[in-house]
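Some notes on the structure that comes next.
The values are calculated or read from the model by the stated rules, or taken from the named source; none is laboratory data. Keep in mind it's a predicted model, so treat the numbers as computed, not measured. Because the Cβ atoms are built from the backbone with ideal geometry, glycine has one as well, and the counts that use them run over all protein chains shown.
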Amino acid sequence: MSEPLRALLFDLDGTLYVNRELGREIHLSACRTIGALKGVTLSRAELLVKETKERLTTELGYRVSLTRTCTELGADIRELHRRFCQEITPEEFLRQDPRVVELLRRLGRRFELYLYTNNNRCLTERILGLLGLDGLFRRVYSIEDSWRPKPDREVLEEMLREIDCPAAACLFVGDRYDVDLLLPRTVGARVFLSTTVEELLTVETITGRYDE
């Protein structure tokens, strides 16, 4: 018999909300950081980011995050996220979706809810507030907890120890299979790929299969 489901661990950006304009702003901020570091134009920096991400994907066998790509290019991860916090204004792009708020409230009555994101604490808190989701998670794990972006086995295993829940009793929810879900799956967790809000809203039917 499978382990009863106890905890749901959600990614944030692209999972609990989907906004391509905000995603583009984050991407441009990263490219400006690389441009300043390398002394090149924004368009050249965008090409460097694209080529580096493609190379890492080929070498590692899975798609990597924007943060991982920028650090490969020599960016300091703390400086990168300091610029994100200064330059990105999620208030311009995000609005609360009552369907998502009610979904998480219902799930929170049945399971332990956690957030595990590559975003920084500053932007994460602002985004959760805009979405009406602040206070709904037992703990928020941001990039600042380890300064090691997903996927990272040691960070993942330490997080599971801290929440005192075996991988088999966890469901990870994310929009990027390689970044958010592949590693949790290899350690025995259940995973749910969600690339739209409509897909996210169906996660409740999946959890019902394990709520025993």
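Pick from 12, 37: which is in contact (Cβ under 8 Å) with a residue 24 or more places away in the chain and outside the structural domain of residue 73 (by TED's automatic domain parsing)?
Numbers: 37 fails: outside the structural domain of residue 73 (by TED's automatic domain parsing).
Within the list 12, 37, the selection yields 12.
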Note to self: Six or more apart or on different chains, Cβ atoms under 6 Å: show the pairs whose first residue is in region 135-150 and in a loop (DSSP other than H, G, I, E, B) and whose second is crowded, with 18+ Cβ neighbours inside 10 Å and among the basic types (Lys, Arg).
What the structure shows: 149/68
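Somewhere in region 98-120, is a residue small (Gly, Ala, Ser), assigned by TED's automatic domain parsing to the domain that holds residue 197 and on the phi < 0 side of the Ramachandran plot?
Of the residues in region 98-120, the ones small (Gly, Ala, Ser) are 108.
Going one step further and asking which of them are assigned by TED's automatic domain parsing to the domain that holds residue 197, we end up with 108.
Cutting the leftovers down to on the phi < 0 side of the Ramachandran plot gives us 108.
Checked against the condition, which is being small (Gly, Ala, Ser), assigned by TED's automatic domain parsing to the domain that holds residue 197 and on the phi < 0 side of the Ramachandran plot, region 98-120 yields at least one hit.
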Checklist line | Number of the exception - residue 185 against (1) under 14 Å from the mean Cα position of the chain (by Cα); (2) within 30 Å of residue 61 (Cβ to Cβ); (3) surrounded by fewer than 20 Cβ atoms within 10 Å (Cβ to Cβ) | finding: (1)
Notebook entry, point to check: Which residues, counting only those in region 184-209, are polar (S, T, N, Q) and in contact (Cβ under 8 Å) with a residue 12 or more places away in the chain?
Noted result: 194, 195, 196, 207
Check: Which condition breaks for residue 203 when tested against (1) out of contact with any Leu (no Cβ under 7 Å at 6 or more places or on another chain); (2) within 26 Å of residue 56 (Cβ to Cβ); (3) not polar (S, T, N, Q)?
Finding: (2)
Margin query: With the structure loaded, tell me whether residue 143 is touching a His at 6+ places or on another chain (Cβ under 9 Å) and under 30 Å from residue 48 (Cβ atoms) or whether it fails that test.
Written below: yes
Next item on the list: Could you tell me which of the residues 182, 201 is touching a helix residue (DSSP H, G or I) at 6+ places or on another chain (Cβ under 8 Å) and at pLDDT 95 or above?
Entry: 201
Notebook entry, point to check: Restricted to region 124-145, and to residues that are of a type in the set (A, V, I, L, M) and touching a strand residue (DSSP E or B) at 6+ places or on another chain (Cβ under 9 Å), which residue is surrounded by the fewest Cβ atoms within 10 Å (Cβ to Cβ)?
Noted result: 130
Check: Within region 58-83, restricting attention to residues that are more than 18 Å from residue 152 (Cα to Cα) and of a type in the set (A, V, I, L, M, F, W, C), which residue is surrounded by the fewest Cβ atoms within 10 Å (Cβ to Cβ)?
Finding: 73
Next item on the list: Collect the residues in region 164-179 that are surrounded by fewer than 17 Cβ atoms within 10 Å (Cβ to Cβ) and either farther than 27 Å from residue 69 by Cα or modelled with pLDDT under 95 (or both), keeping them in residue-number order.
Entry: 164, 166, 168
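Of a type in the set (A, V, I, L, M, F, W, C) and in a helix (DSSP H, G or I): does that describe residue 165?
Details: of a type in the set (A, V, I, L, M, F, W, C): yes; in a helix (DSSP H, G or I): no.
Spelling it out, it is not the case that residue 165 is of a type in the set (A, V, I, L, M, F, W, C) and in a helix (DSSP H, G or I).
Do we have any residue at all in region 3-11 that's surrounded by 19 or more Cβ atoms within 10 Å (Cβ to Cβ) and assigned to a loop (DSSP other than H, G, I, E, B)?
Of the residues in region 3-11, the ones surrounded by 19 or more Cβ atoms within 10 Å (Cβ to Cβ) are 5, 7-11.
Now narrow it down to the ones that are assigned to a loop (DSSP other than H, G, I, E, B): 5, 11.
Checked region 3-11: at least one residue is surrounded by 19 or more Cβ atoms within 10 Å (Cβ to Cβ) and assigned to a loop (DSSP other than H, G, I, E, B).
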Item checked: Which listed residue, of 148, 121, 139, is basic (Lys, Arg), in contact with a Ser or Thr (Cβ under 8 Å, 6 or more places away or on another chain) and closer than 25 Å to residue 178 by Cβ -> 121
